[in-house]
Amino acid sequence: MGKALLRWLLVGAFIGLGIGAVIGLVLSRFVDLPAVEALTTYRPAASTHVLARDGSTLGSFAAERRIPVGSEEIPSVFRDAVIAVEDANFYRHTGVDPQGIVRAALRNLITGRWSQGASTLTQQLTRSLGLLSREKKLARKIKEMLLAIEIEQRFSKDQIFTMYANQVNFGHGNYGVEAASRFYFGKSAKELTLPEAALLAGLPQRPGELSPIDYPKRALERRNHVLDRMLAEKYIDKAAWQAARQAPLGASAHHDRNVTAAYFVEEVRRSIESRFGSKKMLEGGLEIDTTLDSKLQALAEDALREGLVGVQERLGWPGARRNALALGVRDPSEYRDDSWPFIRWRKDELVYAVATDVQATSAALLIAGRPAVLPVAGASWTGRTNLLRLLRRGDVVLVRLQAIPAARTQPLTVALVPEPKVEGAMVVLDNRTGAILALVGGFDFGRSQFDRSMQAKRQCGSAFKPFVYLAAWEHGFSPADIIFDGPALLPDDKGLNTYVPLNYERRYEGLVTFRHAFEHSLNASAAKIQQLVTGQAVIDVAHRLGVKEPLAPYSSLALGTFELPLLELTSSYSGIANRGQLAQPYFIARVRDEEGNDILTTKPTVRQAVREDVAYLMTHVMEGVIQRGTAAAAASLPGHLAGKTGTTDRFTDAWFIGFSPRITCGVWIGRDLKEPIGNHMTGAVAALPTWMQFMKGYMEGQSDAVRQEEFPVPAGVTLLPIDKNTGLRAIPLCGDAVILESIPTGREPIECSAAAHALVALPWLQQLAHYTPRPGEPPTTPEAIAAADLKLAEEAQSGRR
């Protein structure tokens, strides 16, 4: 009796559905449905991809992360898995499945819950495409069925499945099977295995709740259910079913964002959005070729992070920046750091860890689910012998990976590293083209997205001095010329002669060459030279070399009291290195649309900013900064290198910008709130080590020919052996003081003498009687000496520099 009743129910349902389908077809003529013709040009919203110059992916922009593929790129194993679990009658129905509806209705009646759906893949496609507005369930369901029937009339099953496979949500922002396959398994959909395809096929039902990343147990059960359905529908045999069921999930997050290029990618995003709009950027499937060199970017990222850690170690242990328990996490083991998916698991890598247990001699940590041990010896640099004085349970701290066992269950060994409270930035340019090869805007993009390489403007201190000396070379001065390094009363911002520049070492050196004054960054000499050539001439040089910020010809201009962005100043140095030719910085080389058509191309823009001979004189003097000046710590690096340190008052900003014949690298270190970094944190102490680490790695990766490349000597410059102390042509008496100097042709000095040696050997105040200032040169007078002494006394009394 029960079977007969069931049979009649099924027959009645089929008849009813058949009549309903006919009525539906008639109603579809009159019911307001979306135009299905629009699907003939269906193109799912595609991600925009950002590529490095070697073609590797740096990141992507998308409202929905999606990589559209054609039907031939969708593997049959995935197709079979989806049909088995979602719509077994896909190839037999016409958009609505009567058997499925009856089967779902009966199950819902038996269980007493409305939990079993009966939507076909075609119906699911109409929902995912957003073709219907949100309205009451019954009305919407009827329209959905009618629309599915119409879609089936106009498109083949293959076309419908391809649209479905490219459209549906697989979780974690991934839409479409290709994006899902790359995210969960790090490979193309064409390479999916049976268990992998089954896992993906089960996700669209509830992608958030079935995530193999967040809920692996649920995902495993769902995958095995899909395999059961494939066996029942005879898509696989029992042997394949058993093997696939025994396979591990094998899914993990494979992010397409290159974490070392996060600041760079964000600059690309801002630029593309401003040019093409957010819709085109997020849905247009653009492909952006950039100038970034992946290897140099990795070097830059590592160098800046290590450099900032080194600065913080000098300043002392800053404490943990945050505590997981204070953030609301119930147990440290539940903490998840945003940076963990990007760990490369390399020795000496800096990573974040959470403390799960802290004892005096060791601490237990977790890093991306892996246990780690911090012995007290790993924190010896702090001077503490008890970890309880450094850490507490739940602290999130920076550590250095030291030992990485192959087995994930074995604890890692780490050393404690201070997460720096100071910040920094680095930018690397191709001198010939202006292409930005590497850019790092801060210590960690995760904690601050502010790009200090392009967005921040900071006082550059003595890093501004090349503009002063370039103006001097343009006015006919020579690196061998003599200036008297002593106090002088200069006009302040009100035009009164009250400003007295002090040298960093708080002493004056008397008779020095222009070269010596630059190599050792003597402030008094730089300020006098600016007065000789005029502040306006200095500003003119700066603007010609790409400085866009407004400048005023104050006496303090020579000492870099105006604020400039790191990129702008680094570009100016690059112009000096490139024989006076300034190449406009750029980072987007080409943009292609979804069809592969170029919609934006960037060609290098280069112009002669200063004469080649003038640029060479500056370059040659800047080489001396590294050979024997304020950056002498870098003298052991291979290659021909030049640069300049920069330090501001109270040590709020530390700079070093230097170059080889091919690239220029600029480094800034400081605090976002423009507070002192720390006592004696000069450009040579705080910024130079970062530059050195980067340039060392860069040079090691170059051929011998590149490492030996020199700056070419142009016409109009003569190289002569000169006594570096007197600035005169060298004679045997000069001994170790002889250097090869660049002299403007026609300005060759006379020979040195014993009298010249005796003069420069005198104390600086005694030299003053033997020096005659040039016209326009501020003199060192008793009033200026008294003013300098008073300023030094006030400094000593206040304890501030």
Those chymotrypsin sites (Phe, Trp or Tyr not before Pro) from segment 62-94 that are DSSP loop and have at most 10 other Cβ neighbours within 10 Å turn out to be Y91
Inverse of <1/r> over all distinct C-alpha pairs of segment 286-350, i.e. the Kirkwood Rh in Å, gives 15.4
Treating every alpha carbon of segment 232-312 as one equal point scatterer without solvent, the Debye formula yields log10 I(q)/I(0) values at q = 0.21, 0.25 Å⁻¹ of -1.05, -1.23
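Taking a threshold of 18 Å on the Cα-Cα distance, which of the pairs K548/K603; K421/K696; K465/K644; K190/K238; K465/K528 fall above it?
Details: K548/K603 21 Å; K421/K696 26 Å; K465/K644 8 Å; K190/K238 23 Å; K465/K528 12 Å.
Violating the 18 Å limit, Cα to Cα: K548/K603; K421/K696; K190/K238.
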Normalised per residue, the volume inside the convex hull of the alpha-carbon atoms of segment 505-604 in Å³ amounts to 134
Short to long, in 5 Å steps from zero, the percent of alpha-carbon pairs of segment 556-644 per bin is 3, 12, 14, 16, 19, 13, 8, 5, 5, 3, 1, 0
Loop-resident trypsin sites (Lys or Arg not before Pro) in segment 439-475 with no more than 15 other Cβ atoms inside 10 Å, DSSP not H/G/I/E/B, are R447, K457
From highest to lowest solvent-accessible area (probe 1.4 Å; ligands, DNA and RNA excluded), L304, L366 read L366, L304
Using alpha-carbon coordinates alone, the radius of gyration and Dmax of segment 305-439 in Å work out to 16.4, 56
So the carbon and sulfur contribution to the accessible area of segment 445-518, 1.4 Å probe, in percent, is 50
Expressed as a percent, the portion of alpha-carbon pairs in segment 140-232 spaced more than 24 Å apart is 28
With a 1.4 angstrom probe the carbon and sulfur portion of accessible area for segment 205-291, in percent, totals 49
In units of 2.2 N^0.38 Å, the Cα radius of gyration of segment 180-267 is 1.26
dims of segment 382-459, Cα set, principal axes, largest to smallest, nearest Å -> 50, 34, 22
Computed over the chain: longest principal axis from alpha-carbon atoms vs helix 137-154 long axis, angle to nearest 10 degrees, is 90
Of the convex hull drawn through the C-alpha atoms of the chain, the volume per residue in Å³ is 215
Rounded to the nearest 10 degrees, the helix 688-700 long axis (Cα) sits at an angle to the longest Cα principal axis of the chain of 70
Longest principal axis of the chain (C-alpha) makes with the long axis of helix 612-628 (C-alpha) an angle, in degrees to the nearest 10, of 90
Taking the chain and counting helices only, DSSP H stretches of n ≥ 4 at -39,500 (n - 2.57) each over all residues, the nearest-500 ellipticity at 222 nm comes to -11000 deg cm²/dmol
antiparallel share of DSSP beta bridges within the chain, to nearest 5, in %, is 90
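Please return the longest stretch of the chain lacking exposed loop sites, where GluC sites (Glu not before Pro) count only if DSSP places them in a loop and at most 12 other Cβ atoms lie within 10 Å.
Answer from the scan: 136-504.
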Taking Lys and Arg as +1 and Asp and Glu as -1, residues besides V667 with C-beta under 14 Å from its C-beta add up to 0
In vacuo Debye sum over C-alpha of segment 341-405, base-10 log of normalised intensity I(q)/I(0) at q = 0.16, 0.24 Å⁻¹, listed in q order, is -0.48, -1.06
Expressed per residue, the solvent accessible area of the chain in Å² (1.4 Å probe) is about 44
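Considering only protein heavy atoms and a 1.4 Å probe, what is the carbon-and-sulfur percentage of the accessible area of segment 682-801?
Numbers: 3820 of 6510 Å².
That share works out to 59 percent.
Can you work out D for segment 399-550 in µm² s⁻¹ from Stokes-Einstein, where Rh is the Kirkwood radius over C-alpha pairs, the temperature is 37 °C and the viscosity is 0.692 mPa s?
Values: Rh = 19.4 Å.
Rounded to a whole number, D works out at 169 µm²/s.
The values are calculated or read from the model by the stated rules, or taken from the named source; none is laboratory data. Note that this is a predicted model, so its numbers are computed, not measured. Heads up, the Cβs are rebuilt from the backbone with ideal geometry, glycines too, and the neighbour counts pull from every protein chain shown. Note: accessible area is taken over every heavy atom of the protein model, side chains too, but ligands, DNA and RNA are not part of it. Shrake-Rupley method; radii C 1.70, N 1.55, O 1.52, S 1.80 Å.
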